[in-house]
Every structure is written in C-alpha cells, then in structure tokens.
Amino acid sequence: MYSYIYGKVTDIKSTYVVIDNNGVGYMIYTPNPYVFNEGSEYKVYVYQQVREDDLSLYGFRTEEEKDLFLKLISVKGVGTKMALPILATGSINGIVDAIERENILYLQKFPKIGEKVARQMILDLKGKLGAISTMELDVSSSLDELVEVLKGLGYKEKEFKALIPKIDGALSIEEQVKEALKLLLK
C-alpha cells in the first residue's frame, strides 16, 4: 500500500496525471488534474484500489482531501468514480458542512448523487468527519481554488484572469464559482 508518491508531473490528462518517480511513470487519477503543472515536482497522497480486474491509483494534493475521499468511498453506493467528481466540484469544507448539517440539496448537486445516496452519505458520515480539517482557507488560497475549479470546468486562464480580482475571496468556493460564471457569461 502506498501513502504518497513524490515525483515530477510528466503528463496531464482530463482525469489523471502521470508522475515520474525514479524512471517509473505512475498514472494517478485525481479530482482535478489541472491543479498540477507539467514539469513540476509534487508530493501526491495516494490511495491504491485493488480489484479483481483493476489496479488503480487515486491521488490528492492534501491528506485532508485523501481522508475525505476514503470516507466517501466507504459509503454504500459511492465508489471511486462518484467520489472523484464530488471532490472536483466541491470544497472540502462545503462537503463536510453539508454532511454535518444534513444538507441533502447541496449533496445532490454533485454528478450521479440522488436523494437516496445523499441520505446514505449523511447517515454513514455525520459526526465522523471531525478528523478532517475544516479550517477556513485564507483569501489568496481560496481564490487559487477558484482558478483551479474554473480550469476544471474547461475555461482557459486568459478567459477569466481579469475577473478574479472582482470576486470576493471571503465567499465560499461555491459562491465564488457562481459569481465567476455570472461574470463569464456577460
């Protein structure tokens, strides 16, 4: 079992990155591959999934993100293919808060999450996410997250670069994304 892999990103695709570690390229599925820069070195926290017909690595920039992923895939009905989009489109704080406050509507906004799965997530995880850090991000790192979300949605940096200073960094990431999308659609 791997805990993390440290190496240079050699390739970035829509669902994974390739990390070169001592001449071995590891294909690592990640919620948002565009948070990585090709040619840069990273410490990627990984989860190895072993199945009868599959051996896959899932990677995360922080241990908190990995911990939340592991909690999500422990829920009945939520697998790795459902947990990755949840982490890609939601902030850790937002997901944890929605589960703790039983906010089913927030959870249903994620791809393939219906009412039944949202209720199961709350049932299985409420009160068990205390170990996952929910400290608020500072404004600059919050806006960095907004940039990564917009890249993940397919926007080019030149399309939204001028809009970033107009967004209030104190807003939740969800509100920041809404504001940015409003400005982009004008």
State which residue is farthest from residue 6 (Cα to Cα) when the search covers only region 38-56 and only residues that are surrounded by 12 or more Cβ atoms within 10 Å (Cβ to Cβ) and of a type in the set (Val, Ile, Thr).
-> 46
Among what's in region 66-121 and is surrounded by fewer than 17 Cβ atoms within 10 Å (Cβ to Cβ) and acidic (Asp, Glu), pick the residue that is farthest from residue 4 (Cα to Cα).
-> 115
In region 17-27, the residues that are surrounded by 15 or more Cβ atoms within 10 Å (Cβ to Cβ) and touching a residue at least 24 places away in the same chain (Cβ under 8 Å) = 17, 19, 26
Pairs only if they're at least six apart or on different chains, beta carbon under 6 angstrom, first in region 160-184 and more than 21 Å from residue 98 (Cβ to Cβ), second part of a loop (DSSP other than H, G, I, E, B); list them, first residue then second.
-> 183/163
What about residue 34, is it free of Cβ contacts under 8 Å to residues at least 40 places away in the same chain and either polar (S, T, N, Q) or out of contact with any Cys (no Cβ under 7 Å at 6 or more places or on another chain) (or both)?
-> no
Quick check, is residue 98 in contact with a Gly (Cβ under 9 Å, 6 or more places away or on another chain) and at pLDDT below 90?
-> yes
The lone exception for residue 30 - which of (1) modelled with pLDDT under 90; (2) in contact with a strand residue (DSSP E or B) (Cβ under 6 Å, 6 or more places away or on another chain) it fails | (1)
Test each condition in (1) surrounded by 14 or more Cβ atoms within 10 Å (Cβ to Cβ); (2) at pLDDT 90 or above; (3) in the same structural domain as residue 9 (by TED's automatic domain parsing); (4) not hydroxyl-bearing (Ser, Thr, Tyr) for residue 35 and report the one that comes out false.
-> (2)
Total residues in region 85-132, condition of a type in the set (A, V, I, L, M), in contact (Cβ under 8 Å) with a residue 60 or more places away in the chain and in a helix (DSSP H, G or I) | 1
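The values are calculated or read from the model by the stated rules, or taken from the named source; none is laboratory data. What you are looking at is a predicted structure, and each value in this text was computed from that prediction instead of being measured. Because the Cβ atoms are built from the backbone with ideal geometry, glycine has one as well, and the counts that use them run over all protein chains shown.
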